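Student: Please find one structure pasted underneath; my questions will follow.
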Amino acid sequence: MKFADLHLHTQFSDGTFTPEELVLHAQKHGLACIALTDHDTVEGCARTAAACAKVQMEFIAGSELTAEHADTEVHILGYFLDTQNQVLLEKIGHFQTVRQERIREMCAALNKLGIPLKAESVFALANCKSPGRPHVARAMVQEKLIGNLDQAFEKYLKKGRPAWVPKTTMSALESVELIHQAGGLAVMAHPGLNRSDDIIPALVEAGLDGIECFHTKHSTVMSERYLEIAEKHNLLVTGGSDCHGYSKKAPLIGTVKLPYDHVERLKAKVAERKL
Ligand code: AMP
Ligand code: ZN
Ligand code: FE
Ligand code: FE
């Protein structure tokens, strides 16, 4: 049996692994295929592809786009993206700028609360174009402004907490369109985490290709529920660990193994679209 992990992050967004480290871990877990899905960027794809090629592992260029629908944040995964697509690069470039601005706003909010974290420290730690809350949390821990990452989120960074800053983003329907025009397949990420099943029909109408049924935070019951939804709407099935490398626990890669026949179906759909 061959397996894939189609949801992985590196240092190009909020993961801790370099592309090369990620591929080493994927090898260790016997994965035949991986997809890189860093938040709002495709920058790490070239290096990850090169590292995969060295060990004959199959690679899928992807990204996890932040989007919204009816005031709820949803993540849309893009797979088999043309990483040189100008419209895609322009759009995500804009969202990277928004993310950088948001880091400044979060630091300003923390400063008002008496926590002296500088945006420059967060940027230095993140060292990527697509920084996010995990970098703020890590910088706070590093500078001993908080005990651990969880506390940083619980006390300050979670939605509704005093240093939470919303992200200006695009609608989920727009993100499906953006992925399609870049030659990719659009997949709704971890639907079980968003509790926004009501948006699935609208996404399907917009041309959604698949749904992430298997995810570290999905229970067996949830996965089964989304497999049924996939069947009902004729959606492809994907899955991944959403590994961010080292946090307090061991890396998640290897905890979700997607049977390879789902990758075959994804590839068939991309090939069909190119005809
Ligand atoms: P952002 O894209 O800046 O809104 O940050 C979202 C990322 O933060 C997610 O992809 C997770 O990796 C991480 N995250 C969200 N909530 C938590 C939490 N409560 N504890 C730790 N990490 C979290
Ligand atoms: Zn993340
Ligand atoms: Fe996500
Ligand atoms: Fe993710």
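The values are calculated or read from the model by the stated rules, or taken from the named source; none is laboratory data. As the structure is a computational prediction, the values presented were derived from the model and not from experiment. Quick reminder, even Gly has a Cβ in these numbers, built from the backbone with ideal geometry, and neighbours come from all protein chains shown. Just so you know, the surface numbers come from the protein's heavy atoms only, side chains and all, with ligands and any DNA or RNA stripped out. Shrake-Rupley method; radii C 1.70, N 1.55, O 1.52, S 1.80 Å.
Student: Considering 114, 30, which residue is closer than 30 Å to residue 146 by Cβ, surrounded by fewer than 23 Cβ atoms within 10 Å (Cβ to Cβ), at pLDDT 95 or above and not charged (D, E, K, R)?
Tutor: 114
Student: Name the helices (runs of 4 or more DSSP H) wholly inside segment 145-255 in which the number of residues that are farther than 22 Å from residue 270 by Cα is 2 or more.
Tutor: Hits in segment 145-255: 149-152, 191-194, 220-233.
Student: Any idea which residue in segment 1-21 is farthest from ligand 1 (Cβ to nearest atom), counting only those that are assigned to a loop (DSSP other than H, G, I, E, B), open to solvent by 10 Å² or more (accessible area, probe 1.4 Å) and touching a residue at least 60 places away in the same chain (Cβ under 8 Å)?
Tutor: Restricting to residues being assigned to a loop (DSSP other than H, G, I, E, B), open to solvent by 10 Å² or more (accessible area, probe 1.4 Å) and touching a residue at least 60 places away in the same chain (Cβ under 8 Å), the top hit is 1.
Student: Give the residue that is farthest from residue 111 (Cα to Cα), with candidates limited to residues of segment 158-175 that are open to solvent by less than 30 Å² (accessible area, probe 1.4 Å) and over 18 Å from the mean Cα position of the chain (by Cα).
Tutor: Across segment 158-175, the extreme among qualifying residues is 165.
Student: Which of the residues belonging to segment 235-258 are modelled with pLDDT of 95 or more, of a type outside the set (A, V, I, L, M) and within 16 Å of ligand 3 (Cβ to nearest atom)?
Tutor: Selection gives 238, 239, 240, 241, 242, 243, 244, 245, 255.
Student: Just to be sure I understand the filter: pairs with C-beta atoms under 6 Å, separated by 6 or more residues or on different chains, first member in segment 90-110 and surrounded by 14 or more Cβ atoms within 10 Å (Cβ to Cβ), second member assigned to a helix (DSSP H, G or I). Which pairs pass?
Tutor: 91/178; 103/119; 103/122; 104/119; 106/136; 107/119
Student: What do you reckon, is residue 31 touching a Ser or Thr at 6+ places or on another chain (Cβ under 6 Å) and either within 16 Å of ligand 3 (Cβ to nearest atom) or not assigned by TED's automatic domain parsing to the domain that holds residue 136 (or both)?
Tutor: When the stated conditions are applied, residue 31 does not pass them.
Student: For segment 34-57, give me each residue that is over 17 Å from the mean Cα position of the chain (by Cα) and open to solvent by less than 10 Å² (accessible area, probe 1.4 Å).
Tutor: Within segment 34-57, just 52 meets the criteria.
Student: Tell me, yes or no, whether segment 245-267 has at least one residue that is more than 16 Å from ligand 2 (Cβ to nearest atom), β-branched (Val, Ile, Thr) and open to solvent by less than 20 Å² (accessible area, probe 1.4 Å).
Tutor: Yes: segment 245-267 contains one or more residues that are more than 16 Å from ligand 2 (Cβ to nearest atom), β-branched (Val, Ile, Thr) and open to solvent by less than 20 Å² (accessible area, probe 1.4 Å).
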